[in-house]
Amino acid sequence: MASLGPGMILLQLMMLRGLLYLIFLIAITPVYAQSDSLQLTDTSVSTTDSLAVPPVADTFVVSQPKPLVPQLIRFDTMLLQNHPFYRIDAPLQLISTRKQWSGKEFFFYILLVLLLFFAVIKNAFSRYFKDLLKLFFRTTIQHRQVKEQLMQAPLPSLLLNILFFFTGALFLNIVLQHYGL
């Protein structure tokens, strides 16, 4: 069996993407439906006498059929209305009150500053992070050498300790506010 090249795989992915796009477009397009023109009545429950003679009308009245006006119904609505398991005849209406926002912008900006501080440290000292991860996940003979390399870089270690201190202080502040202390 021949293997597919990268161009063929890319072509198949593009065709799959186009197919999914087409299915999505079909799913969201509105569908015009008409009301039921055939009204069936159950004759077995009728309370009128079937042998009675109906009164004869003097004039012959021709009733004009009502023109069919298409109703705009979305495809998903029509699908859910006719689904055998889902009955959405009377949807539940929830009334919500106006939400009063409490000020959490300060918390957001503190988190943003901490994340930015971490990003600056990570980008400035990427070699330190590589060595730190190597020391943490590998237990080889080079363990002592990597540990000595980490000891020779005091500035990234100091900055990470400062970041740890501020992150811990923020966490402690959130916990104390939660318990009202």
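Annotations
- Hey, Gln100 at pLDDT 75 or above, open to solvent by 100 Å² or more (accessible area, probe 1.4 Å) and in a loop (DSSP other than H, G, I, E, B) or not: yes
- Considering residues of segment 163-181 that are open to solvent by 60 Å² or more (accessible area, probe 1.4 Å) and among the β-branched types (Val, Ile, Thr) only, the residue farthest from the chain's Cα centre (by Cα): Thr167
- Here Ala57 passes the criteria (1) open to solvent by 100 Å² or more (accessible area, probe 1.4 Å); (2) at pLDDT below 60; (3) over 46 Å from the mean Cα position of the chain (by Cα) except the one numbered (1).
The values are calculated or read from the model by the stated rules, or taken from the named source; none is laboratory data. This one's a predicted model, so the numbers in the text were calculated from it and none came from an experiment. Accessible surface areas use protein heavy atoms only, side chains included; no ligands, DNA or RNA. Shrake-Rupley method; radii C 1.70, N 1.55, O 1.52, S 1.80 Å.
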